[in-house]
Structure formats: structure tokens, C-alpha cells
There are 2 protein chains.
Amino acid sequence: MSVNIKDVAKKSGVSTATVSHVINGTRFVSDVTKQKVQKAMVVLNYHPNLIARSLRCKKSKTIGLIVPTVNEGAPDFFYMSVAQGIQHYIKKQGYHLIFSNYNNECDEEEQIQVFNTKCIDGLILAPTNDLREKVRNHTLFGDYPIVYVDRKMRNQPGDTILIDNQEGVFEAIQHMIHKGHTRIGFISAERGENTSDEHFQGYLKALSKYGISIDSNLIKSGPSNFETGVQLTRELLESQKVTALFIANNTLTMGAIHYLQHKNIDIPNDLAVIGYDDYEWTKVTTPFLSVIKQPAFEVGEKAAEILLSKINKQNSDYHDYRLKPYFISRESC
Amino acid sequence: MSVNIKDVAKKSGVSTATVSHVINGTRFVSDVTKQKVQKAMVVLNYHPNLIARSLRCKKSKTIGLIVPTVNEGAPDFFYMSVAQGIQHYIKKQGYHLIFSNYNNECDEEEQIQVFNTKCIDGLILAPTNDLREKVRNHTLFGDYPIVYVDRKMRNQPGDTILIDNQEGVFEAIQHMIHKGHTRIGFISAERGENTSDEHFQGYLKALSKYGISIDSNLIKSGPSNFETGVQLTRELLESQKVTALFIANNTLTMGAIHYLQHKNIDIPNDLAVIGYDDYEWTKVTTPFLSVIKQPAFEVGEKAAEILLSKINKQNSDYHDYRLKPYFISRESC
DNA sequence: TAATTTTTTGCAATCGTTTACAAATTCATT
DNA sequence: AATGAATTTGTAAACGATTGCAAAAAATTA
């Protein structure tokens, strides 16, 4: 792989400038020389060195991605889909993705530092809470555009791609109401994060739209893990009479479903259920689970689209973009 | 980001050579100048440009990864874990990963071409059948080391990291036999791929070790999808009397479990079950599913380890490495 | 044919590092 | 103080592309 532009130039009897212009179409070259050059390129099996090109042009055609693709040991499917969406979009434009998943916050900062030296053209980042604080002081980022996904970064310029969490929950609850349910349980991750808060808002909005009063006994929340899902579901069902249950988090949904199956509760007759995230396991349950599906892949695509448009200076003002989740109606409600 | 080594040199009153040597520790520099240089670097917030370095050193500290992380629209968790394993290992060594997932074979070839121009230091590749044929003719690869994962590439030099498929199945079946089962159903993906063939060998090996005769009626295979899993399980259970069932493929396992839950079959009393791949959904089923877990993360780590050792010329002969799956004993068998 | 315009190409600097080679400085020795 | 050895630094050429500027070649015109 050590054949370079000079070799091609020599072989075809022209200057490197001409070869370069043939490659990039950046100025007129007569047909006859163009063909000489092209022939030389295939004969020598020449491929331009992108590193040299990057150095000269100060464009690497590479974007960085920093997301937690692994969460407490387990792979985080949401961010994986985001990554795939990005990949899908940028590939078409000849861009590359170098990616890096962080495990803790200190790590995250370090990753950004590394990316800075890599001359990335842009960055897609899912910021932790911690990072939001830190970045206020340091000059952490280089002078490339940044797009944030899933979480907002208030004190920093940049676009943000978000999920319309409220709308997703609203639709699900509304669907339940249309089916005649009025006592609807709601389980979510701990309040405080903007995602769970928005979920809760969606729940309230739907109930109030249809004039159903809020019963705080039907509302539970806790840390996002399997056991809590089991636990909260048990607490809810043992103490309250509900005809429908919405769980606003995938891991909690798994716990809930496990409990319900274990207790042989007839879904949807005894209890209608809508869960969160359309992962593979929702197709194993009996009956198949209706869910709110987050448009993770689309988030990735959108992030990539916005980022590339920023890189190419096609627009310069910052926006938040909210993508609507899908309600996937299967058999559980 | 336009502060470069010259700026540092000027600021600290030394030559760029000295700065470079301070950065890399490549020759002796007196303490006093070393400190001047280091101070200038922090004051200016200097970070060496890795692209320039790559160009000069012909080392990019970047490795490429080409795997099908998306398979028929659905994310492929196996390769995702592989990717994470790689990531985990190379990060510690200061390497980066650029990755690319292919959807069809022609795409795969193209991706390799692109990587060649990126000056990757090494490549990790899950080759398709198709690629194995193609590569015979072309000079497709650059002169970097290559490590193959999951599938062998016979006509090309390189190491291969494989899973000991036979051993995994053997252990599972043996476990069933120890529990007293003799009529053990076996469902796998279509024969022909070396993975399914190895699965089948494991089944045969276990049965013959314990002197259990082979009954071809208990052996089913078909394309890897949910419906086939349902279908084959039904066929097996309706026609044969079996007390245990092993499914050597995750998607087929999902179908099987769905059928069994739907039919209200008592696991493990009516039927003991061991499935394939320890994905999240195995913890939703009632009872929790015992599985053969493929060491995907470890495959990634091992691939990275071997590749980096090749890049650093620490060894030069090619090997196949076979990693043993884990048998995870839960409640279904 | 000479002058002028148009078409087509080449020269050489540049991007930011690393590194072979050599030069300057310091130190010890006589 | 002059010499040589040891220590410490600097100069400048790479790496492989792109591109502003200008020159050569061809075509047109007078």
C-alpha cells in the first residue's frame, strides 16, 4: 500500500496536481490525460491516502460518537440503535464513525479530549449530568459542531435530538382510556431525570384530558432494575384495583411482566398492559406485548443529518428536535 | 484547535524537535527545558495532531471492524458484544475503533476498500461466505494484520477467534442426561454452516458418550426465524414424546419458548428446556431459562489482543483460538 | 507569421508532526 | 587556555495529499 500520488503522476507522465484534479474533479482535465491518469491508477491499484488528505484539508470525514453503549454491564440497546442510525446516515455521505462508550463520567471527559486530537469534523454526544457541570469551566470541546442526543446540555451551544417522551406516554394512556379503562397504574423510573418527568406529564395530561381524577396510589416509581419492576407491580396489584398498567421503562417492564406471568394473571382480560421499548423479548410473552417504541434509530439518523449539515455550514442556528415514539399495538392491550 | 507544535516551540524558546521529544520521551531533554516546554503546552492548551503524526509515522493507532451488527433489520447482539469487547481492550492501549456494519456482501467488499485508504493498523472481520470466494482473486486487503471472528477464512493468512460450539452443546446435553433425560429434542439452524454443524456434533457426542441411541425424529432444523421456532417445536412435541428440548439458536429459542408458554407446558416438569444465548429476555420467562451463553465479549477482547500483538510484531504465526461457551443453569432445566 | 486569447498543465508551498544528522554547548582534562 | 569528550539542542527533510499562482501549449485572430 505504498503507491502514492507521485507514482501515479510519474506513470502517467503528468504532475501530481493533475492527478489530484482528476481524482477530485476540481478542475478541467482533457479527456486524453484524464484517461491516462485513470488507467495508471487502476494499474498501480492506487488509493488516495485519506490521512494525508485530512492533514491538508483539515477535514477528516470522521465524526466521533460518545455514548454509554454499555449500562451496568448490560448492553444499552437504545444507544446501540442510535449508533446504527448514525452509521446508516453518514455512510452514504462517505463519513466514518469512531466511537467510544464510557462507563463513568471521568472517562467521558477523557474521551472527548482524545477525540479533540483526532481532528473529528463533528461530535455526537449523550451527556451525563456530571458532564453538564464540568464543561462550564473548561474549554473541553474543539471547534467542531456538536449534536447532543437524548439529554439536553443547557450551557453549551449545540443542537439536541430528543424523544417526545410525554407524547409517547400520552398516546398509550389515551389508548387505554379509549378501551374503557379508568383505573390505570403507572410505574416509572425515579423522578428527577427529565425523561421520567416527561413520562409522568404524559400520564397526567391523558387523564386530565378525559376528566379522570388522579389517584396517587396508582403511581409508583423506583430505580430502574428488574427486582424493582417485580416489587412495584406486586405492591400496586396487591393494594389497588387496577384494570390497566403502564410501565414507562424497559427494565421495569421486564420485572412487571415476569411478575404477571408468574402470578398467571390473564392479560389483557384481568389486566391490560403497555410496556416500554420494543425489544425482542416483547415478542416472547404470551400474549405479545403492546409497547411504546422509542425511535432510537431515527434519533441517530436525525443527529447525523443535523451534524453533517452543520459541518457543511448549511445552517447555523441551534434547535431542539423532538421525535415522536410509536405506539405498537399488539395483544396485551 | 489551531495551536501546533511550532507555537509551543516558539513560546518555550526551543525547536520543534525538542518539543516532539518531550512529548514522546524519545530522547533526553534537560529538566529545565522540559519544564518550559510542558508549561507552554498547558498554557497554550496544546494537543498534538494525531493526523499529522499518523501521516509521518504511518501508524494510525486505529483499527477497523467490519461485522454485521444489524441482521435482517434487527440488531445483532452477538456482534455488538464483540464490538464492545474489542473496544474495551484497545482503549486501554490508546487505540481507536472505526467500525462499519455491512448488510450485504457487495457492501462488505466496498467497506474493506474504504478502510484500506484510511491507513488502519489492523482489521477485525467477520467474513461472509461470499467474501471467502471473492478474496481469492483480488488483492483486497492492505498490508495490515487481520483477525477473523466467528467464521473461518481458509484461503487467507490470519488468526481466527472462534467459539467452541460443539463443546457448548455437549455440556448442555450432558447436563440434561445427568438429570435423567434420554429422549432429548434438538432444534438448530439449517445445517451447512459450520456453526450449526458443530452444534449437531456436540449433540451426537453427548448422546454417544452415554450410550443413548440417536433418534432422527427428535432432530429438527430450519431457517433462523421466530415462526420456524414455533413450527419446529410444535412438530416435535406433537409427533414425539420428549422430556427435554435443546435449541441451538437464539431466534429459534424465542419461537420455541413462545409456543411452550402459549401451550401452558410446565417447564421443567413436563419438559426441560435449554436455549441459546443469554439475552435479556431469558430473564422474563417463567421459569427463568437455562442457556448456553456465547462468550461474545471475550471473543472481542481476544481478537483485539491478538491483533494488537500482531501490529506490534510480538508474534507472527497464525492460530485459531476457540473460546468455550458458558452453561448458565437457571430454572428451566 | 506574429500577437492574442483560450485551453490545459505544472511548480512549489502547505498541513503538523517525527527523526536522521549535525551543531552547539558544557564539562573535564592537560 | 586549548583540546577532546560528553551532553544537550537545532536544522531540515520527509510523510502524501491539495491548491494558488503562473507557465506552456493550442487555438484564434489579425
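The values are calculated or read from the model by the stated rules, or taken from the named source; none is laboratory data. Quick caveat: nothing in here was measured; it's all calculated off a predicted structure. Backbone-built Cβ (ideal geometry, glycine too); neighbour counts: all protein chains shown. Ligands, DNA and RNA are excluded from the accessible area calculation, which covers all protein heavy atoms including side chains. Shrake-Rupley method; radii C 1.70, N 1.55, O 1.52, S 1.80 Å.
Pairing each residue of the range B:47-60 that is in contact (Cβ under 8 Å) with a residue 60 or more places away in the chain with any residue that is of a type in the set (Val, Ile, Thr) and within 8 Å of DNA strand D (Cβ to nearest atom), provided the two are 6+ apart or on different chains, yields C-beta distances under 6 Å for B:Ser54/A:Ile51. Scanning the range B:2-31 for residues that are near DNA strand D (Cβ under 7 Å from one of its atoms) and either polar (S, T, N, Q) or within 14 Å of another protein chain (Cβ to nearest Cβ) (or both) returns B:Ser15, B:Thr16, B:Thr18, B:Ser30. All of B:Tyr203, B:Tyr148 fail the test of being open to solvent by less than 40 Å² (accessible area, probe 1.4 Å), under 30 Å from B:Lys58 (Cα atoms) and either in contact with a Lys or Arg (Cβ under 6 Å, 6 or more places away or on another chain) or modelled with pLDDT of 90 or more (or both), apart from B:Tyr148. On the basis of being within 13 Å of chain A (Cβ to nearest Cβ) and either among the aliphatic types (A, V, I, L, M) or under 17 Å from B:Gln166 (Cα atoms) (or both), does B:Ile219 make the cut? No.
Which one is farthest from the other protein chains (Cβ to nearest Cβ), of the residues in the range A:32-57 that are out of contact with any Cys (no Cβ under 9 Å at 6 or more places or on another chain) and outside any helix (DSSP H, G or I)? The residue in question is A:Tyr46. As a summary of the residue check, B:Thr228 satisfies the conditions (1) hydroxyl-bearing (Ser, Thr, Tyr); (2) more than 27 Å from A:Tyr276 (Cβ to Cβ); (3) outside any helix (DSSP H, G or I) except for the one numbered (3).
Residues are listed down the side, and each one gets a yes or a no for (1) near DNA strand C (Cβ under 8 Å from one of its atoms); (2) outside any helix (DSSP H, G or I); (3) modelled with pLDDT under 95:
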site: B:Lys6; (1), (2), (3): yes, no, no
site: B:Ser20; (1), (2), (3): yes, no, no
site: B:Lys59; (1), (2), (3): no, yes, yes
site: B:Gly64; (1), (2), (3): no, yes, yes
site: B:Tyr102; (1), (2), (3): no, yes, yes
site: B:Cys106; (1), (2), (3): no, no, yes
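Looking at the structure I just gave you, is B:Ser60 open to solvent by 30 Å² or more (accessible area, probe 1.4 Å) and within 16 Å of DNA strand D (Cβ to nearest atom)? Write out each step before concluding.
Numbers: open to solvent by 30 Å² or more (accessible area, probe 1.4 Å): no; within 16 Å of DNA strand D (Cβ to nearest atom): yes.
No: the conditions fail for B:Ser60.
Scanning the range B:5-20 for residues that are surrounded by 16 or more Cβ atoms within 10 Å (Cβ to Cβ) and under 30 Å from A:Gly122 (Cα atoms) gives B:Ile5, B:Asp7, B:Val8, B:Ala9, B:Lys11, B:Val19, B:Ser20.
Entry remark, the range A:32-55: residues being among the β-branched types (Val, Ile, Thr) and near DNA strand D (Cβ under 10 Å from one of its atoms) number 1 in total. Here A:Lys241 passes the criteria (1) surrounded by 15 or more Cβ atoms within 10 Å (Cβ to Cβ); (2) over 17 Å from B:Thr285 (Cα atoms) except the one numbered (1). A single member of A:Ile311, A:Ile267 is touching a residue at least 40 places away in the same chain (Cβ under 8 Å), closer than 24 Å to A:Ile328 by Cα and in contact with a Pro (Cβ under 7 Å, 6 or more places away or on another chain), and it is A:Ile267. Quick check: is even one residue across the range A:209-230 more than 15 Å from A:Ala189 (Cα to Cα), surrounded by 17 or more Cβ atoms within 10 Å (Cβ to Cβ) and in contact with a His (Cβ under 9 Å, 6 or more places away or on another chain)? For the range A:209-230, residues more than 15 Å from A:Ala189 (Cα to Cα), surrounded by 17 or more Cβ atoms within 10 Å (Cβ to Cβ) and in contact with a His (Cβ under 9 Å, 6 or more places away or on another chain): absent. Note on the range A:275-295: residues that are open to solvent by less than 10 Å² (accessible area, probe 1.4 Å) and either outside any helix (DSSP H, G or I) or in contact (Cβ under 8 Å) with a residue 60 or more places away in the chain (or both) total 9. Residues of the range B:23-54 that are surrounded by 13 or more Cβ atoms within 10 Å (Cβ to Cβ), of a type in the set (Val, Ile, Thr) and near DNA strand C (Cβ under 9 Å from one of its atoms): B:Ile23, B:Ile51. Looking only at residues in the range A:160-186 that are open to solvent by 10 Å² or more (accessible area, probe 1.4 Å) and among the β-branched types (Val, Ile, Thr), which one is farthest from A:Asp150 (Cα to Cα)? Going through the qualifying residues, I end up with A:Thr182. The residue pairs whose first member lies in the range B:216-244 and is within 22 Å of B:Asp266 (Cα to Cα), whose second member is assigned to a helix (DSSP H, G or I) and of a type in the set (Gly, Ala, Ser), and whose beta carbons are closer than 7 Å, counting only pairs six or more residues apart or on different chains, are B:Phe226/B:Gly255; B:Glu227/B:Gly255; B:Thr228/B:Gly255; B:Gly229/B:Gly255; B:Gly229/B:Ala256; B:Val230/B:Gly255; B:Thr233/B:Gly255; B:Thr233/B:Ala256. Listed by first and then second residue, the pairs linking a residue in the range A:1-30 that is farther than 23 Å from B:Lys58 by Cβ to a residue that is near DNA strand D (Cβ under 8 Å from one of its atoms) and charged (D, E, K, R), with Cβ atoms under 7 Å apart and 6 or more places separating them unless they lie on different chains, are A:His21/A:Arg27. Out of the range A:185-206, which residues are part of a helix (DSSP H, G or I) and basic (Lys, Arg)? Scanning the range A:185-206 gives a single hit, A:Lys205.
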